[in-house]
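Some notes on the structure that comes next.
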Amino acid sequence: MKTVCFFGDSITRRGYWLAEVFEHLRKKGAVVWNCGVSGDNATYSLQRVYTDCLNRTPDTVVVMFGINDVQRTPDGVGEKHEARLEKYKRSLETLTDLLQRAGASVILCTATPLLDTGNGHDNDGLARAAEIVRALAAKKGLPCVDFFSYLLPLVGKEYAMLPDNVHPQPESHHYMAQFFVKELGWIDEIDETPFLPMCEEAQARFDIDQKLREIYFIEWNQMFTYRSDPTKTHADMLALATERLSAAKEANDELKIRWYTYYLENVEKKLAYEAELVKRTLEMAHGS
C-alpha cells in the first residue's frame, strides 16, 4: 500500500485540502497522513521528522514550508533577510536529503501566498522562497507543486483568507487540493465543485486528526525543549503543562489557558486518538 505523508506547517496542519487529496488517493488503495504542525519551519522540522513523519514509513513525503521561514513583514533585502533565505535553503536541502536516504520519494511544494494588506504582510520573501524550492526540485529532479505562483492571482477572490490574512478559509483549501492532484497528473481539469462539507466518514477522520494535530502543536511549539529531550518523561510534560497553565491564569492569557487546558484534558487520549485515526484511515482506503 502506498503511504503518503504531508510534512509542513499550519497550512498542512489544518488539513482540509489533505482530506480532499485522500479522496483521490484512496481509490488507489493509498493512505494520507497529516504531519503538519502550526508554526513549524524547515529548520525546526528536522527535530521531528523521525517521530512525526518517518515513523509512518512513507513511500512518499510531500514537503511544504516557507511561511514561517522567511519574514512576513517587509524588511528590504538586507543581511538579516538574506540570512533567513539562506537558512531556509540549507534546511530544505538537508530535509530532502534525509527523506531520500530513508527511502521516501519527495514532492516539493512552494508555500502559499499571503494577503498583502500593506500593513504587515508581504509576499516578497515568499516569492524568493518559491524560487529556492523550484531550483532544488530542478536540481534533484523532483516533482514541484508551485502553490505560490498558482494561488497568488487568486488571493482575495477564489482563494479567500481568514482574518489573519495568512491562512486560507476552509473552502479555499479546495483550490489547493485540485491544483495539487492536477499537477501530479491525477486529474485532467480542476473541478470547481466544492469539497466541503465532507462526507460523514471523512469528517469523522478529519476531526480525530485535528485533535491529534492540536496536541502535537502544543508539544512542539509551546514545550519544544521538553518534547525534543529524550530524557524528559510523560510526567515531566504533564508537570510543565500544569505549571504553564497556572502561569497563564495568573497572567490572564486566554490563548495559553486554552492551549494548556486542552493539552491536559486530551494528552492521555493521544494513543487512543492515534489508534482511532489509523483504524479510520485504513478502513477508508480499503473500502474505496
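Throughout, read-outs are computed from the coordinates displayed, never taken from laboratory work. Because the structure is predicted, anything quoted here is derived from the model rather than measured. Neighbour counts are summed over all protein chains in view; Cβ atoms, including those assigned to glycine, are modelled from backbone coordinates with ideal geometry.
Can you bin region 166-216 into rounded, prolate or oblate? Criterion: square roots of the alpha carbon gyration tensor eigenvalues sorted a ≥ b ≥ c, rounded for a/c under 1.5, prolate for a/b above b/c, oblate for the rest. Judged from the Cα gyration tensor, region 166-216 comes out prolate (a/c at least 1.5, a/b above b/c). Across the alpha-carbon set of the chain, the Rg to Rh ratio works out to 0.95, Rh being the Kirkwood radius.
Residue-normalised convex hull volume from the C-alpha trace of region 1-107: 93 Å³ per residue. Gain on full extension, evaluated as 0.36 nm per residue between Lys28 and Ser149 minus their Cα-Cα distance, stands at 40.7 nm.
Estimated from the Cβ-Cβ distance and a Förster radius of 22 angstrom, the FRET efficiency linking Gln210 and Glu82 is about 0.05.
Report summary: the helix-based calculation at 222 nm, which adds -39500 (n - 2.57) for every DSSP H run with n ≥ 4 and divides by the residues of the chain, gives -15500 deg cm²/dmol.
Considering Cα pairs under 8 angstrom that are at least six residues apart, work out the relative contact order of region 200-286 and quote it in whole percent. Rounded, it is 41 percent for region 200-286.
Put a dot 7 Å past the Cα of Arg90, heading toward its Cβ, do the same for Ser228, and the two dots end up 1.4 nm apart. Once the Cα-Cα distance is subtracted from the 0.36 nm per residue extended length, the Asp59 to Ala251 segment shows a gain of 64.5 nm. Taking every DSSP bridge with both residues inside the chain, close to 5 percent are antiparallel. Between Glu171 and Arg134, the contour length at 0.36 nm per residue exceeds the Cα-Cα span by 10.6 nm. Panel values: region 200-286, Kirkwood radius from alpha carbon pairs, Stokes-Einstein at 4 °C and 1.567 mPa s, translational diffusion coefficient 92 µm²/s.
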